[in-house]
Amino acid sequence: MTSHTLNELIAEGVRGRYILVRSDLNVPLDGSTVTDDGRIKASLPVIEKLSDAGARVLVTAHLGRPKGSPEAKYSLKPAVARLAELAPFKVQLADDTVGGSAKELAASLGDGDVLVLENVRFDARETSKDDAERGAFADELVALTGDNGAFVDDAFGAVHRKHASVYDIATKLPSYQGDLVHTEVEVLRKLTTDTQRPYVVVLGGSKVSDKLAVIDNLLGKADTILVGGGMLFTFLAAVGHKVAGSLLEADQIPVVQDYLKRASDAGTAFVIPTDVVVASRFAADAEHEVVAADAIEDSSFGASGIGLDIGPVSAAAFAEQIKAAKTVFWNGPMGVFEFEAFSGGTRAIAQALTETPAFTVVGGGDSAAAVRTLGFADSQFGHISTGGGASLEYLEGKDLPGLSVLDR
Ligand code: ADP
Ligand code: MG
């Protein structure tokens, strides 16, 4: 299955044509300040390519989770203001999605101009479960593009959503993969087909229940799965250890036991930490100590101790595995990295990823935030995925509606 690319569209010629681009401008805000403009910077190249080629660019994007009607706090205004600062071309923001403002401003665009439509989720039809409702919204978006429009999907973070601006629109206009989506798909494909071995997967984060589907799909594909983060305690419980007050999803113990049983037949090895950092309570300044993973209740904090990070011996062992790998995928911090005292495991993994000769991919919103917070640069990793949920669903082997609709 292949999709048409942005370069093919540009080669066809876009001067004077209305090109609708779905971008991912879903940035974190503090009031009206963009606190991390990573996604805006990542979206800029495709918009700029089209503008340079003389297209009249209409950008659709969402921000947060408004409930299907305009809400000032979810306006794209701050994101578009930042885009305009970074962009060498003219950028405007419509006051609505497909209403009077969008129509008027779209009609007045010159070649190379860029108009961003307001948050597509201000229209309830964007996320509707009803095909006809989504289709009707997509038709109104199409109408803004006139007779010779085209669609470019550059919002990897939204490809797992069957939404009007992601999916339905691609059934109505000639459609192309944006460069960002193209790169993400190429990278994720390397993690699922003809993967260079050893293939080591590092999984952490908070809940094992969020990661079960991906673990299931990795059995038999990954050579080694290194287990850290909050989920490690459900693994420890599954092999019969007590975890005191640590995060435990007791109802998932049988599922984890089943994975552990299936793993050896499948040729995948789980590595569970042998030491953990246990704290007196969940706080940045909590007292803490390193204990053996099978003796968590024997810490000074007894049955109330909480495991907040993998221990140094485990971190070093994980780092060795990573350095010996040819491919590494990492999702989920090893501990509560937001607290300096419990960031050691996550830092050790990030460091090992920067030192291994392996092809390295970091996926997951908090994991990407962790490497940046801990002072690493994006360029030190093979690839940092922009779409947490979308990259996990890809690795789960799920059909991503926004991608398959571009296949032909
Ligand atoms: P991602 O967004 O990268 O997929 P998750 O959302 O699954 O990652 O998990 C990130 C969160 O997991 C972080 O906020 C971190 O504090 C938390 N976490 C990691 N280890 C633990 C632990 N031992 N106990 C509780 N929370 C943890
Ligand atoms: Mg997260």
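The values are calculated or read from the model by the stated rules, or taken from the named source; none is laboratory data. Here the structure is a predicted model, which means the values were calculated and not measured. Note that we place each Cβ from the backbone using ideal geometry, even for glycine, and neighbour counts take in every protein chain shown. Please note that ligands, DNA and RNA were not included when accessible areas were found on the heavy atoms of the full protein model with its side chains. Shrake-Rupley method; radii C 1.70, N 1.55, O 1.52, S 1.80 Å.
Filter the range 362-383 for residues that are under 16 Å from V201 (Cβ atoms) and either within 16 Å of ligand 2 (Cβ to nearest atom) or out of contact with any strand residue (DSSP E or B) (no Cβ under 7 Å at 6 or more places or on another chain) (or both) and give the result.
From the range 362-383, those under 16 Å from V201 (Cβ atoms) are 362-364, 367, 381-383; that's our starting set.
If the condition is that a residue be under 16 Å from V201 (Cβ atoms) and either within 16 Å of ligand 2 (Cβ to nearest atom) or out of contact with any strand residue (DSSP E or B) (no Cβ under 7 Å at 6 or more places or on another chain) (or both), then V362, G363, G364, S367 are the ones that fit.
Please find, within the range 313-343, the residue that is surrounded by the most Cβ atoms within 10 Å (Cβ to Cβ) out of those that are of a type in the set (A, V, I, L, M) and within 16 Å of ligand 1 (Cβ to nearest atom). Result: M334.
Once the range 104-123 is narrowed to residues that are part of a helix (DSSP H, G or I) and open to solvent by 60 Å² or more (accessible area, probe 1.4 Å), the residue that is farthest from Y18 (Cα to Cα) is E104. Would it be correct to say that G307 is under 23 Å from Q380 (Cβ atoms) and surrounded by 24 or more Cβ atoms within 10 Å (Cβ to Cβ)? So G307 fails the test. Of all residues in the range 385-408, those that are within 19 Å of A150 (Cβ to Cβ) have Cβ atoms under 8 Å from Cβ atoms of residues that are of a type in the set (D, E) and surrounded by 16 or more Cβ atoms within 10 Å (Cβ to Cβ), 6 or more apart or on another chain, in G402/D153; L406/D153. Would you confirm whether or not the range 36-51 contains a residue that is in a strand (DSSP E or B) and open to solvent by less than 60 Å² (accessible area, probe 1.4 Å)? No; the residues of the range 36-51 include none that is in a strand (DSSP E or B) and open to solvent by less than 60 Å² (accessible area, probe 1.4 Å).
If you go through the range 185-243 and keep only what is basic (K, R), within 16 Å of ligand 2 (Cβ to nearest atom) and in a loop (DSSP other than H, G, I, E, B), you end up with just K207. The single residue among G365, G375 that is at positive phi and either of a type in the set (A, V, I, L, M, F, W, C) or without any contact (Cβ under 8 Å) to a residue 40 or more places away in the chain (or both) turns out to be G375.
Residue-by-condition table, conditions (1) open to solvent by less than 10 Å² (accessible area, probe 1.4 Å); (2) within 23 Å of V27 (Cα to Cα); (3) small (G, A, S):
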residue: F137; (1), (2), (3): yes, no, no
residue: V166; (1), (2), (3): yes, yes, no
residue: G178; (1), (2), (3): yes, yes, yes
residue: V201; (1), (2), (3): yes, no, no
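Residue by residue, here is whether (1) in contact with a strand residue (DSSP E or B) (Cβ under 8 Å, 6 or more places away or on another chain); (2) acidic (D, E); (3) at pLDDT below 95; (4) not in a loop (DSSP other than H, G, I, E, B) holds:
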site	(1), (2), (3), (4)
G245	yes, no, no, no
Y259	yes, no, no, yes
V276	yes, no, no, yes
F282	yes, no, no, no
D285	no, yes, no, no
Q321	yes, no, no, yes
A325	yes, no, no, no
G335	yes, no, no, no
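Could you tell me whether the range 63-72 includes any residue that is closer than 15 Å to G178 by Cβ and either touching a Cys at 6+ places or on another chain (Cβ under 9 Å) or not basic (K, R) (or both)? No, there is no match, as no residue in the range 63-72 is closer than 15 Å to G178 by Cβ and either touching a Cys at 6+ places or on another chain (Cβ under 9 Å) or not basic (K, R) (or both).
Quick grid of which residues meet (1) of a type outside the set (D, E, K, R); (2) part of a strand (DSSP E or B); (3) within 13 Å of ligand 1 (Cβ to nearest atom); (4) open to solvent by 30 Å² or more (accessible area, probe 1.4 Å):
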position	(1), (2), (3), (4)
G345	yes, no, yes, no
L353	yes, no, no, no
P357	yes, no, no, yes
S367	yes, no, yes, no
Y394	yes, no, no, yes
